[in-house]
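A.B. asks: Can you keep this structure in mind? I'll have questions shortly.
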Amino acid sequence: MSPGMLLLVVMPWLGMSAALAEAGALPEYRPAMSLTGTLRNYGGDFGGLLHRWEEAFRRYHPELKFSDTLPGSDVATAGLITGAADIGTSGREAMLVELEAFHDSAGTDLVQIPIATGTLDVKSTTWTPVILVRDDNPIKGLTVRQLDGIFGAARTGGYQGYHWSPEGARSAGQDIRTWDQLGLRGEWAGKTIQTLGYAPTGMTNFFQQVVMNGGSKWNPNYREYVEAGSKLISPTPGGDTLGTDRMLAALNADKFAIAWGGLRQSREFPSLRVVPLAAKEGGPYVLPTRESLQNRTYPLARSIYMFVRCDLNGKLDPRVKEFLSYVLSEQGQHEVSAGNVYLPLTADVVSAQRKRLE
């Protein structure tokens with residue numbers, strides 16, 4: 001693969017926001033009804049974005065009130081299951097046990113609506129996983145299928161939502177365990193790929209869904225670390241912690257290793273670099289930028305969500321539908337852009353999600 005195959009287009013963020021605001025790019029919010037009463041949100045606050053949405057929405061519906069319980073994304077589904085919430089606000093996809101619990105209690109499936117794109121490199125947000133190697137590693141790019149071969153293992157299937165599907169199966173013949181299987185020669189031939197990444201977390205669930213087709217069987221040499229700053233990390237007997245810095249230090253010390261982690265954290269290790277990724281064989285191979293996340297050409301782009309429930313006839317609460325219609329509008333996505341943390345959705349994504357509200 002030549003460097004010319006890599007998609008490295010970077011658009012200034014303000015220019016990208018302006019492009020999104022062009023006439024007709026996103027639907028304008030126009031109230032379909034007058035709302036009163038209280039709308040209950042349960043989960044995370046998206047770094048203040050939820051409050052900005054609420055304040056702006058109340059300009060159209062001054063008689064509506066919001067009641068927010070916002071300890072974090074991990075309670076978003078619980079609020080809906082217990083009836084304490086109308087909307088669950090989550091910085092990650094729902095996990096298997098949450099999907100099963102919701103279905104068992106509600107008799108319907110949890111509806112997960114993406115309401116903005118995750119960040120590139122902002123800590124304590126829904127940031128984008130990147131693939132990291134040392135600078136002296138000659139690999140030019142990887143496909144998502146190759147990532148599965150490297151980090152995953154043979155399996156009989158994977159979970160799509162809460163349904164086990166044999167479509168996620170793959171054989172041991174698709175394992176990629178040495179660097180020469182990726183075309184590297186010389187000192188790299190026959191050398192084992194040492195894999196590093198995170199222990200179970202919302203990011204890990206995302207990685208398994210996107211890269212491993214919902215499977216959960218990892219390369220036997222996979223070494224797990226905990227995202228520093230977001231989980232309680234217990235020291236090892238030597239007093240060390242198995243956090244992000246230790247993972248990146250281990251990668252930095254091993255030229256035959258590969259890791260998935262965060263872009264911002266990796267900047268503390270200048271001898272590491274990000275590997276371009278392709279959704280399928282033949283490319284394009286894309287580096288993570290704000291533009292490639294927003295237009296979803298980078299395969300590991302993430303979203304933040306509002307979780308909602310439909311009744312047994314598939315209908316949303318009218319107040320919930322109205323609020324989501326605002327969030328998925330030009331005005332709502334302008335608030336995302338103005339916050340300069342999360343990235344606004346494209347018109348195509350907005351259109352697809354608005355259809356789900358019907």
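Nothing in this text is a laboratory measurement; each read-out follows from the coordinates by a stated rule. Note that the structure is a prediction, hence the values are computed from the model and not measured. For neighbour counting, all protein chains shown are included, and Cβ atoms are generated from backbone atoms with ideal geometry for every residue, glycine included.
A.B. asks: Rounded to the nearest angstrom and ordered from largest down, what semi-axes does the equivalent ellipsoid of region 129-287 get from its C-alpha gyration tensor (root of 5λ)?
C.D. replies: Ellipsoid semi-axes (Å, largest first): 24, 21, 15.
A.B. asks: Can you give me the P(r) profile for the chain? Cα pairs, bins 10 angstrom wide beginning at 0, each as a whole percent.
C.D. replies: 5, 22, 32, 24, 13, 4, 0, 0
A.B. asks: Can I ask one more? Quick query: amide H of residue 214 versus all other amide H atoms, modeled in the peptide plane; which residues come in under 5 Å with a sequence gap of 5 or more or a different chain?
C.D. replies: Those lying under 5 Å, H to H, from residue 214 are 209.
A.B. asks: Let me ask you something else. Please check: in the Gaussian network model of the chain (C-alpha springs, under 10 Å), which one of 175, 245, 311 has the largest mean-square fluctuation.
C.D. replies: 311
A.B. asks: Starting from 0.36 nm per residue, how many nanometres of slack lie between residue 351 and residue 296 once their C-alpha separation is accounted for?
C.D. replies: 18.3 nm
A.B. asks: If the limit is 24 Å between Cα atoms, which of 217/355; 140/255; 280/355 go over it?
C.D. replies: Listed pairs above 24 Å: 217/355; 280/355.
A.B. asks: Under a 5 Å amide H to amide H cut-off, with H placed in plane at 1.01 Å, what residues pair with residue 225 once short-range neighbours are removed?
C.D. replies: It is 197, 198, 199, by chain and number.
A.B. asks: Which net charge results when you count Lys and Arg as +1 and Asp and Glu as -1 among the other residues whose beta-carbon is under 12 Å from that of residue 335?
C.D. replies: Summing Lys and Arg as +1 and Asp and Glu as -1 gives -1.
A.B. asks: For residue 152, enumerate residues with amide H under 5 Å from its amide H, sequence gap 5+ or separate chain, H modeled in the peptide plane.
C.D. replies: Under 5 Å from the amide H of residue 152: 219.
A.B. asks: Along Cα→Cβ, 7 Å out, is where each label goes; now give me the distance between the ones at residue 25 and residue 281 in nm to one decimal.
C.D. replies: Rounded to a tenth, the inter-label distance reads 3.7 nm.
A.B. asks: Let me ask another. Ranked by Cβ crowding within 10 angstrom, fewest neighbours first, how are 307, 269 ordered?
C.D. replies: 269, 307
A.B. asks: Calculate for the chain the 222 nm mean residue ellipticity that helices alone would give, adding -39,500 (n - 2.57) per DSSP H run of length 4 or more and normalising by residue count, nearest 500 deg cm²/dmol.
C.D. replies: About -8000 deg cm²/dmol.
A.B. asks: In sequence order, what are the phi-derived ³J(HN,Hα) couplings for region 194-200 according to the Karplus relation 6.51 cos²θ - 1.76 cosθ + 1.60 with θ = phi - 60°, rounded to whole Hz, with x for glycine and proline?
C.D. replies: Going residue by residue, I get 8, 9, 10, x, 8, 5, x Hz, with x marking Gly and Pro.
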